[in-house]
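Report on the following structure.
The values are calculated or read from the model by the stated rules, or taken from the named source; none is laboratory data. In this text the structure is predicted, and so the values were computed from the model without any measurement. Note that we place each Cβ from the backbone using ideal geometry, even for glycine, and neighbour counts take in every protein chain shown.
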There are 2 protein chains.
Amino acid sequence: MQRTKIKDLLTGAEAGNQVLLKGWVRTKRGNKFVNFIAVNDGSTIHNLQVVAEADKFSEETLKDVTTGAAVVVTGELVASQGKGQAFEIQAANIEVVGKADPETYPLQKKAHSLEYLREIAHLRFRTNTFGAVFRVRNTLAFAVHKFFNERGFVYMHTPIITASDAEGAGETFQVTNFDLDNMPRTEDGKINFAEDFFGKATNLTVSGQLEGELAAMAFSDIYTFGPTFRAENSNTARHLAEFWMIEPEMAFHDLKMNADLAEAFIKYIIRYALENNRDDIEFLGQRLVEEDKAKPQNERQEMTLIEKLELVVNNDFERVTYTEAIEILLNSSHYKKKKFQYDVSWGIDLQSEHERYLVEKHFKKPVIVTDYPKDIKAFYMRLNDDGKTVAAMDILAPGIGEIVGGSQREERLDLLVERMKAVGIHEEDLWWYLDTRRFGGCPHAGFGLGFERMVQFVTGMGNIRDVIPFPRTPKNAEF
Amino acid sequence: MQRTKIKDLLTGAEAGNQVLLKGWVRTKRGNKFVNFIAVNDGSTIHNLQVVAEADKFSEETLKDVTTGAAVVVTGELVASQGKGQAFEIQAANIEVVGKADPETYPLQKKAHSLEYLREIAHLRFRTNTFGAVFRVRNTLAFAVHKFFNERGFVYMHTPIITASDAEGAGETFQVTNFDLDNMPRTEDGKINFAEDFFGKATNLTVSGQLEGELAAMAFSDIYTFGPTFRAENSNTARHLAEFWMIEPEMAFHDLKMNADLAEAFIKYIIRYALENNRDDIEFLGQRLVEEDKAKPQNERQEMTLIEKLELVVNNDFERVTYTEAIEILLNSSHYKKKKFQYDVSWGIDLQSEHERYLVEKHFKKPVIVTDYPKDIKAFYMRLNDDGKTVAAMDILAPGIGEIVGGSQREERLDLLVERMKAVGIHEEDLWWYLDTRRFGGCPHAGFGLGFERMVQFVTGMGNIRDVIPFPRTPKNAEF
């Protein structure tokens, strides 16, 4: 007999079928006549109940059927008496293929804190919460590829190890093959990177954008989806040292087309998750409702998770320039009552509290802010005709803040070189990047989306460490 | 007017339509009355011919229409007089948005060597060959996700930075945030990794398998698709320091199910490429035919690229045990005539020449070799009942050699620990891996496929550096 997964049993199977179930025991309850065993196989948030009549099975077998044990069950699928489930299995045979000693198994029936589960990240996939989170993550990742594939984008694997710090975006991790205790030195005593594996100092990439631009100048539309790294010593619920980014880059696109694509993209992948993982998202939404019960009324969520996601999917994003956003903030009663911690004036980098005000209080939906002052943005962003702003865009989402950052790129060689000089980037380090402006360059644009931020948004998880399988953070690279 | 890509123009458009074309000039030829400009936009191997009557355009505009220039063209799509093309554009307007000075543009009309193009990897996407290669790579990557998605596998992003050398598979790259010129030391003079970013020595992953196994013990079926690294100083056409791997892992699978899945997977993604990128593959096949013309008759390919791929897709893979394979080699006239460089006996690691003999001479199709001697395989492979072989499998493909390596995993805690001891891996370093055997373990299996090897196989490219956008190899991390 072929194994059927629970997801398929619950949607496609018929009562009366003989089935083969394989999975892990979540709970066992019952009395001396009958045992009810909830089994999960990871294919869905739902367990399948196995009904085991005590007189059909040895005491020894049933003793080993404990939370966490791996079991193989055959039996008849029957309509369930219990509520909340259409089917259950009347067990004919139960084999425990992997025991889980109740004395030592770290995941018992009771609810565990997210902090505790982070310590046992190798087992947390077996909980309802993390099962749901990583199924949603999987669905979102597939939707990313599907979206770009349908639009003729070419997926590019840009390099992870690189000799250039693409954006000067922050501290990078060094990559070396040296014996650290015995590094070769040049005559004047400096570390001789010419003798390192790559013949020069290398680090982990902070972004695939610059390489992505090279490919866009041949394929028109490309995207990356790969790991990126920041050696920032930020021990917060929002930062990871290793995270996944999606970076599309489009030739012949201006800022408006860039914003249109980003909005369509975000809506597409959220809609895809709502359609394919509604059960998981409902479960995660219920989790938030439970969490809220411990909070004072005025701190509770105004919308359920599903409502929040549907709001995003069904409404146009608001679009304002940075200059308009500053005006809105300056005119707000919030500002006048001095409720912002950081001051507001044209030229500042918007703080989290400012972004949240715009999104959550003023517009009450996602906002695309464009045309930032050039001095607070990266060197490759296209200078606007006003000479003081660049064609940048950030997309701000409720509860998350910045979820997308992008821009039209500076395609004019002279202006780009000037900007590089101003920020201290050497032309010779980026000769290949400049070549795309020398030869067949064109107006182009792109953006980056931090994948974990998006998974947080869709799952409602408050800590970014809970949406990546094995988080890398300061002093932590376990598993 | 909306831009239409050439791929869509060639399949979906109708003569008489006004169209907007954006792309890069490949060639320009003509006379004083009319210019024929071949434009490519990366969406397909095919160019679209733009017909520009000399009297409609200024000399200055036409002068800038040179190989490599970015152009925006509007005009009427008309049935083409030329052969090999259904349509061409009768240009009404041509704008050169990015020039490419013919004196300095490194990619001229003439054919360039692959070696030369590797030096200008930032521009090689603009050639027919690399356009085709990276479109095929994109299609294969999408097919990977599609295959596993259809089967309910969960895509896992396993960590890139890790403190464990999963398989002892080879030299790893170190990752550090230290100031290399001033590393903190412990009292006894050793480097104090407790003060490094992660609080311990870390390196780049060589495989996501061990972490993948953890997730399979919750989701049943998972796969990884991410970058992996080897700091091997191998300057060959087969090795990269950074490459992408696909590693599925399935709970409740034995070796036979593992081999079945791997075979179905390989056929699926190749078939998908044949269906979606036939033009590109035909072009690449023609490239090989041209290449062969410079070779003596007996060194030429027996089959075209398409024929080779269809052979793989349409035939069952051969399955033999390692022991049977050794017998075949020992009984071969090749062996008896002492044509193998390396000797053959039970216990040896099969050399490339042995694998090629089995695949290309003996079976003439892909071969799955199973049940290797335990001493030449990794510690986590399941010991067979004979006590001397393990439930391993390698899939060997014509012209490439090993394309998949996999095994059923040792799920029995005592045997696994014994094996780890034998090869010198400390239990405490892999406590989390052993936990999956302590708690709800089950028979499970998985395999790894080197993505670049697969891209080589489907594109026929001989050097692995030509199938990844920006190859990382000894002394080379350019771009």
inquiry  = Can you tell me which condition A:ASP101 does not meet? The list is (1) within 24 Å of A:TRP24 (Cβ to Cβ); (2) touching a Pro at 6+ places or on another chain (Cβ under 9 Å), and all the others hold.
reply    = (2)
Hey, A:GLY131 more than 20 Å from the chain's Cα centre (by Cα) and in contact (Cβ under 8 Å) with a residue 12 or more places away in the chain or not = no
request  = Give the residue, chosen from A:PHE439, A:PHE457, that is touching a Gly at 6+ places or on another chain (Cβ under 9 Å), more than 25 Å from A:ASP375 (Cα to Cα) and more than 13 Å from every other protein chain (Cβ to nearest Cβ).
outcome  = A:PHE457
ask   = When residues of the range A:276-305 are filtered for being among the hydrophobic types (A, V, I, L, M, F, W, C) and surrounded by fewer than 16 Cβ atoms within 10 Å (Cβ to Cβ), how many remain?
value = 3
request  = Select, from B:GLU213, B:GLU247, the only residue that is modelled with pLDDT of 95 or more, among the acidic types (Asp, Glu), buried (at least 22 other Cβ atoms within 10 Å of the Cβ) and closer than 26 Å to B:LEU358 by Cβ.
outcome  = B:GLU247
key: Restricting the range A:104-118 to residues that are free of Cβ contacts under 8 Å to residues at least 24 places away in the same chain and more than 20 Å from the chain's Cα centre (by Cα), the residue that is farthest from the other protein chains (Cβ to nearest Cβ)   = A:SER113
inquiry  = For the range A:37-52, which positions are touching a residue at least 24 places away in the same chain (Cβ under 8 Å) and either of a type in the set (A, V, I, L, M, F, W, C) or more than 26 Å from A:GLY131 (Cβ to Cβ) (or both)?
reply    = A:ILE37, A:VAL39, A:ILE45, A:LEU48, A:VAL50, A:VAL51, A:ALA52
query = All but one of (1) touching a residue at least 24 places away in the same chain (Cβ under 8 Å); (2) crowded, with 21+ Cβ neighbours inside 10 Å hold for B:VAL390; which doesn't?
reply = (1)
inquiry  = Test of understanding: among A:LEU214, A:LEU255, which residue is touching a His at 6+ places or on another chain (Cβ under 6 Å), of a type outside the set (Gly, Ala, Ser) and more than 30 Å from A:ASN476 (Cα to Cα)?
reply    = A:LEU214
Any hit, the range B:447-467, residues being in contact with a His (Cβ under 9 Å, 6 or more places away or on another chain) and at pLDDT 95 or above = yes
task = Might you check whether a residue that is touching a Ser or Thr at 6+ places or on another chain (Cβ under 8 Å) and not assigned by TED's automatic domain parsing to the domain that holds B:GLY448 occurs anywhere in the range B:210-220?
result = no
message = Taking the conditions exactly as written (farther than 30 Å from B:PHE148 by Cβ, more than 27 Å from the chain's Cα centre (by Cα), among the hydrophobic types (A, V, I, L, M, F, W, C) and surrounded by fewer than 20 Cβ atoms within 10 Å (Cβ to Cβ)), does A:ALA163 satisfy them or not?
response = no
task = Sort out which residues of the range A:292-308 are in a loop (DSSP other than H, G, I, E, B) and within 25 Å of A:ALA264 (Cβ to Cβ), and write them in order of number.
result = A:MET303, A:THR304
remark   = (1) in a strand (DSSP E or B); (2) touching a Leu at 6+ places or on another chain (Cβ under 8 Å); (3) among the hydrophobic types (A, V, I, L, M, F, W, C) all hold for A:LEU449 apart from (2)
Residue within the range A:362-372 that is out of contact with any strand residue (DSSP E or B) (no Cβ under 7 Å at 6 or more places or on another chain), at pLDDT below 95 and of a type outside the set (Ser, Thr, Tyr) present = yes
message = Just to be sure I understand the filter: pairs with C-beta atoms under 9 Å, separated by 6 or more residues or on different chains, first member in the range B:1-30 and without any contact (Cβ under 8 Å) to a residue 60 or more places away in the chain and more than 16 Å from B:ASP64 (Cβ to Cβ), second member assigned to a loop (DSSP other than H, G, I, E, B) and aromatic (Phe, Trp, Tyr). Which pairs pass?
response = B:ARG3/A:PHE252
message = Among (1) in a helix (DSSP H, G or I); (2) within 14 Å of chain A (Cβ to nearest Cβ); (3) touching a residue at least 24 places away in the same chain (Cβ under 8 Å), there is one condition B:MET420 misses while meeting the rest; what is its number?
response = (2)
request  = Please give the strands (runs of 3 or more DSSP E) falling wholly within the range B:1-111 in which 3 or more residues are of a type in the set (D, E, K, R).
outcome  = B:18-30
message = Being out of contact with any helix residue (DSSP H, G or I) (no Cβ under 8 Å at 6 or more places or on another chain) and within 14 Å of chain B (Cβ to nearest Cβ) is true for just one of A:ASP55, A:ASP101, A:ASP41, A:ASP64. Which residue is that?
response = A:ASP64
inquiry  = Against the condition under 30 Å from B:MET183 (Cβ atoms), at pLDDT 95 or above, surrounded by 24 or more Cβ atoms within 10 Å (Cβ to Cβ) and more than 7 Å from chain B (Cβ to nearest Cβ), how does A:THR224 come out, does it pass?
reply    = no
inquiry  = Considering only residues that are surrounded by fewer than 16 Cβ atoms within 10 Å (Cβ to Cβ) and either touching a Gly at 6+ places or on another chain (Cβ under 8 Å) or not polar (S, T, N, Q) (or both), which ones fall in the range A:341-352?
reply    = A:TYR342, A:ASP343, A:TRP346, A:GLY347, A:ILE348, A:ASP349, A:SER352
key: Matching residues, the range B:122-141, being among the hydrophobic types (A, V, I, L, M, F, W, C), touching a Leu at 6+ places or on another chain (Cβ under 8 Å) and facing another protein chain (nearest Cβ under 9 Å)   = B:LEU123, B:PHE125, B:PHE130
request  = Restricting attention to strands (runs of 3 or more DSSP E) lying wholly within the range A:140-239, give those where 1 or more residues are touching a helix residue (DSSP H, G or I) at 6+ places or on another chain (Cβ under 8 Å).
outcome  = A:221-229
message = Being within 29 Å of A:LEU214 (Cβ to Cβ) and touching a strand residue (DSSP E or B) at 6+ places or on another chain (Cβ under 8 Å) is the requirement here; does B:THR27 meet it?
response = yes
key: Among residues of the range B:250-274, those that are surrounded by fewer than 20 Cβ atoms within 10 Å (Cβ to Cβ), within 14 Å of another protein chain (Cβ to nearest Cβ) and not hydrophobic (A, V, I, L, M, F, W, C), counted   = 4
request  = Search the range B:317-336 for residues that are without any contact (Cβ under 8 Å) to a residue 12 or more places away in the chain and pair each with any residue that is part of a helix (DSSP H, G or I) and surrounded by fewer than 17 Cβ atoms within 10 Å (Cβ to Cβ) when their beta-carbon atoms are under 9 Å apart and the residues are at least 6 apart or on different chains.
outcome  = B:LYS336/B:LEU330
